[in-house]
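Heads up, the thing below is written out as structure tokens.
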Amino acid sequence: MPELPEVETVRRGLEPWLAGARIEKVTLNRKDLRFPFPRGLKSALEGKTIGILENGKLNAAEMLHEVAALFEAMTRATGVPMQLESYQVHSIGIGADARGEANLSVRCDGVEHAGLGTSRDIIEASALAWLDVANRVIRQREAASTSLAATA
């Protein structure tokens with residue numbers, strides 16, 4: 001889906017300055033936000049490289065190498081290859097009770113799927129979101145092969 005013209009204009013203006021840049025230091029200034037910064041955000045971002053997708057959004061999977069490595073390992077372990085279309089994380093709740101929520105959109109076997117995972121650990125939430133889709137794909141494949149065997 002194409003972005004609004006003003007979003008594309010901002011993307012084109014920022015890309016030469018940000019794409020491939022390394023994040024040296026993160027400062028979290030606002031403590032009074034409606035949703036607080038997720039625990040570990042600063043350390044997760046520092047030292048990472050910024051990648052910008054064509055749709056103008058930061059590609060968090062490129063920035064968070066741990067998540068990209070996680071998805072690759074899970075693909076190899078399950079045999080369910082997925083192409084990541086979008087990946088978003090945010091905080092639910094505040095303080096020590098806050099949880100991270102990971103939302104992703106992937107393409108598998110030519111079909112787009114959405115996954116959701118929630119945990120106190122954002123890497124675990126990301127894994128749960130990936131598994132949300134992988135389990136659905138595996139069940140659909142098994143159901144299709146069972147119906148083919150039943151009709152044979």
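The values are calculated or read from the model by the stated rules, or taken from the named source; none is laboratory data. These numbers were taken from a predicted model, which means no experiment stands behind them. Because the Cβ atoms are built from the backbone with ideal geometry, glycine has one as well, and the counts that use them run over all protein chains shown.
Listed values, structure above:
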| item | result |
| --- | --- |
| Residue list for region 67-95, restricted to those being over 20 Å from residue 136 (Cα atoms) and either in contact with a Pro (Cβ under 6 Å, 6 or more places away or on another chain) or basic (Lys, Arg) (or both) | 91, 94 |
| Matching helices (runs of 4 or more DSSP H) fully within region 21-112 where at least 1 residues are at pLDDT 85 or above and surrounded by 14 or more Cβ atoms within 10 Å (Cβ to Cβ) | 65-78 |
| Close pairs from region 70-83: first without any contact (Cβ under 8 Å) to a residue 40 or more places away in the chain, partner charged (D, E, K, R), Cβ under 8 Å, at least 6 apart | 83/107 |
